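The values are calculated or read from the model by the stated rules, or taken from the named source; none is laboratory data. Because the structure is predicted, anything quoted here is derived from the model rather than measured. No Cβ is skipped: glycine too gets one built from the backbone with ideal geometry, and neighbour counts run over all protein chains shown. The protein model used for the area step is the full one, side chains on, heavy atoms only, and it has no ligands, DNA or RNA in it. Shrake-Rupley method; radii C 1.70, N 1.55, O 1.52, S 1.80 Å.
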Amino acid sequence: MKKGVLLNADVSAVVSRLGHTDQIAICDAGLPIPAATQRIDLALTQGVPTFLQVVGVVTQEMQVESAILAEEIVKHNPQLHHALLAQLTELGQHQGNTISVSYISHSAFKAQTEHSRAVIRSGECSPYANVILCAGVTF
């Protein structure tokens, strides 16, 4: 049995296959997921698990170099935006790097998920609770 924090076999497998600059998306319950992109659905009910919980667990095993957010999160979900930025800052300190954050329109974000190795769906039901994490290297 796996000893680490990340127990979900599908999430663990996709993280282990990531190479430098590969992308993985973590989304709220409503984001449309492209048919050709692997869907890992963790949603159980509204709010379970939360978006930030999923980000926190996934990033314990993933080296993150950068993150992409929909620019709409700044205005429409400022509390979650602030919490996510704090989580990414803390992660960067733990990893020994600075995680760059960029913003694109929500429609461009949805199109960008087509390039993700997988989209992990949380039970989050607040607006624009989505992030694309770009893999870094540990050396």
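Inside the range 102-139, residues that are out of contact with any His (no Cβ under 6 Å at 6 or more places or on another chain), exposed (fewer than 15 other Cβ atoms within 10 Å of the Cβ) and of a type in the set (A, V, I, L, M, F, W, C) make up a count of 3. Can you find a residue in the range 31-50 that is open to solvent by 20 Å² or more (accessible area, probe 1.4 Å), in a strand (DSSP E or B) and within 21 Å of T138 (Cα to Cα)? No, the range 31-50 has no match at all. V48 fulfils the conditions (1) within 21 Å of R117 (Cα to Cα); (2) out of contact with any Leu (no Cβ under 6 Å at 6 or more places or on another chain); (3) of a type in the set (A, V, I, L, M); (4) modelled with pLDDT of 95 or more except for a single criterion, (1). Which residues, counting only those in the range 93-112, are outside any loop (DSSP other than H, G, I, E, B) and closer than 15 Å to V58 by Cβ? H94, Q95, listed by residue number. For the range 1-30, filtering for residues that are part of a loop (DSSP other than H, G, I, E, B) and either aliphatic (A, V, I, L, M) or over 17 Å from A67 (Cα atoms) (or both) leaves 12. Evaluation of E65 against the conditions (1) more than 15 Å from the chain's Cα centre (by Cα); (2) in a strand (DSSP E or B); (3) of a type outside the set (G, A, S) shows that the sole unmet condition is (1).
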